[in-house]
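A single structure is presented below for examination.
The values are calculated or read from the model by the stated rules, or taken from the named source; none is laboratory data. What you are looking at is a predicted structure, and each value in this text was computed from that prediction instead of being measured. Glycine gets a Cβ as well: all are built from the backbone with ideal geometry, and neighbour counts include every protein chain shown.
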Amino acid sequence: MFAARVSRWNRTLSLGLVGLVFLSAFPDQWILGFGALVNTALFLFISIPMAEKRLSTYKAGYEDYCAETPKLLPFQVGKKDRG
């Protein structure tokens, strides 16, 4: 479990480091990172909730599926209950 946390933090720090290196090499291209953040935010807060609302109207058990499945990433980010 500790190794999984360390691995996740290493991945996050590596992506941040790659972003900083890119920004230091091409400082006039900061808009690319900003655009990616805006795109992700729109996807998380507008597109996914609209699709879930629509699917929950005609799919039986879809609320249960949404409760146990991550919205965006294919792996669980928070704590998991393995009890």
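Inspect all residues belonging to segment 33-43 and state whether any of them is part of a helix (DSSP H, G or I) and modelled with pLDDT under 80.
Taking every residue of segment 33-43 in turn, at least one turns out to be part of a helix (DSSP H, G or I) and modelled with pLDDT under 80.
Yes or no, residue by residue, for (1) farther than 22 Å from Cys66 by Cβ; (2) loosely packed, with under 11 Cβ neighbours inside 10 Å:
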| residue | (1), (2) |
| --- | --- |
| Leu15 | yes, yes |
| Val21 | yes, yes |
| Ser24 | yes, yes |
| Gly33 | yes, no |
| Phe45 | no, yes |
| Pro49 | no, no |
| Glu52 | no, no |
| Leu55 | no, no |
